[in-house]
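Okay, structure first, notes after.
Derivation of every value follows stated rules applied to the coordinates shown; laboratory data play no part. Values in this document were obtained by computation on a predicted structure and should not be read as measured data. All Cβ positions, glycine included, derive from the backbone under ideal geometry; neighbour counts span all protein chains shown.
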Amino acid sequence: MTFRNSFTQAAKRLGLYVCALLAFVLMAMPGVAQESQSEKEAVNSDAPIGDAKKAAILTLHGDITDVTAESLTRRVAMAKARGVDVIVFDLDTPGGLVTSAIEIADLIRNLVDIKTIAWVNPDAYSGGTIVAVACDEIVMARSSRMGDSQVIMVGEGGAQAVPEDLRAKAYTPVLHDFRMSAKLNGYSEVLSEAFVIPERVVWWLENIKTGEREFVFDDEKVKRVGGGSANADIAWKKGDAVAEGASEREWKLVETYFDIVIEKELPLTQPVVSGTELLQMSPGEAHAFGFSKALVPDRAAMKARYNIGDVVELDALWSETMAHWLTSMPVRGFLLIVFFLGLYVEFHTPGVGLAGLVSVIVLTVFVGAPFLTGLANVFEIVLILIGIILLGIEIFVIPGFGVAGVSGLLLIFAGIVATFIPDQPGQTIPSLFPALPATIDGLKTGAATLLTSLLVSMIGMAMLSRYLPKMPLFRALVTANPMPSEVQLDDPYRGAAHVGDVGECEGMLRPSGRARFGSVLVDVVTQGDLIEAGTKVEVVERRGNRVVVRAVV
């Protein structure tokens, strides 16, 4: 850390001297590039930088989630164990969870003995930019982009800005992370804020005497240059009076920048960030603004630039890819539908069969995948287990359907929704009432997925109740009900409780209990329904001592 700070300060002093010399020359040649030809050539030069012998390339492609953070943590540990000198993060991401991106940035900043390089190849938006600026250096592909890191929420109309009353809480962790990386790696803190807050107006100024360049906000620009637009700078160049509000003629607006992609000087539009947009940079802009060091089109160019002799490719494991897929919203919604339909089929078929087994497996995958990847905690699993226990007590122990049953269902639903909510930074106890946009999005997504899955399941249940008994597969799994003439009478209920007989419930059937057929009390079970005492019931199935009944409508 000390070496890095000393190196940064020395580089700044050297840059200041160079800028002063160039400014003296360029005062007489306005519009000429502010960067020497040798520096331009060095940007795309194949000459190696440093003496690294071994490097690891870690891909970060797709959405950034807790799975991504866990995967990168594992792969970074593997790279360190293999003794690499350089870790290259191959970025192609639209962003993702803010909490996961910050976790990855913390991981990168703590790698003080290994050089870290962010390779934007081709996109590093939102959380990808958070990861990129945490690295020691950024290099970019020829056609690439980075920036646009505003914190957003997902509402009924899609992505939307954070409400005013939550903005401070939502933006603070992101701005703090950008500032840490900017100070550590020598980036502009002003531009880093413009990644996040669209209201920021940023100007690029140059000191007329020293050639020093600096990004400033609107109010600071007015103090140094005057006016509210570029007109003040135009007045100075014409030799007119100093614009009102300017302290003295020391600063002017930067007019051009050198684009390393097309290798020519281009006019610069001021302000560089207008206040109605977020900062997004092309490779030429990123290099001119001090973020990107060079263009790196492929791995061969990467090896040549950093003098890498041995490259270790550390990709995500198939299990991590599978976990990422299993924790995606469409897959989780489908698992919920299968779970609910499996329970319905199991309750309407005798015994514990294939449908019940499928429901158990699906619920295990639904909860297990986010638990193993860090998205869910023991808290959610405990909620679901307690809910199942309460529901079982209500069905098999307590008559009726009251507090225990309703509480059980609510706990199961709460546990399911909670598995969609990521942990909040600094949170020690999981909460069903999140306050950050990322966690609020998780709550909304979980509730929407649950409700949608329930609705689709209810439609599926209606279709199954009509067509399931006619399906060949169902007939193969469940034997058809015997005719009255086929029922054997060598059981305790001789002469009673045949298929088609009607009796009356002695007590609540939940779903098992007793019913009276004439003078004989018979142990019966329903098809999964709860039937009140005194209700007329009809025998729909008889297998030995097992008598299945349903309410007579």
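Residues W325, W318, W204, W119, ranked from the fewest to the most other C-beta atoms within 10 Å, line up as W318, W325, W204, W119. Pairs exceeding a 22 Å alpha-carbon distance, out of K183/K223; K54/K115; K53/K80; K169/K293; K264/K303: K183/K223; K169/K293; K264/K303. Of the residues H176, H61, the one with the fewest other Cβ atoms within 10 Å heads the list, and the complete ranking is H176, H61.
Exposure proxy shown here: for M180, M78, M463, the number of other Cβ atoms within 10 Å sets the order, fewest to most, as M463, M78, M180. In order along region 407-420, the Karplus-derived 3J(HN,Hα) couplings, from 6.51 cos²θ - 1.76 cosθ + 1.60 at θ = phi - 60°, round to 4, x, 4, 4, 5, 4, 5, 5, x, 5, 5, 5, 5, 8 Hz, and Gly and Pro are given as x. Extending 7 Å from Cα along the Cβ direction at V378 and again at I361 yields two label points whose distance is 2.9 nm.
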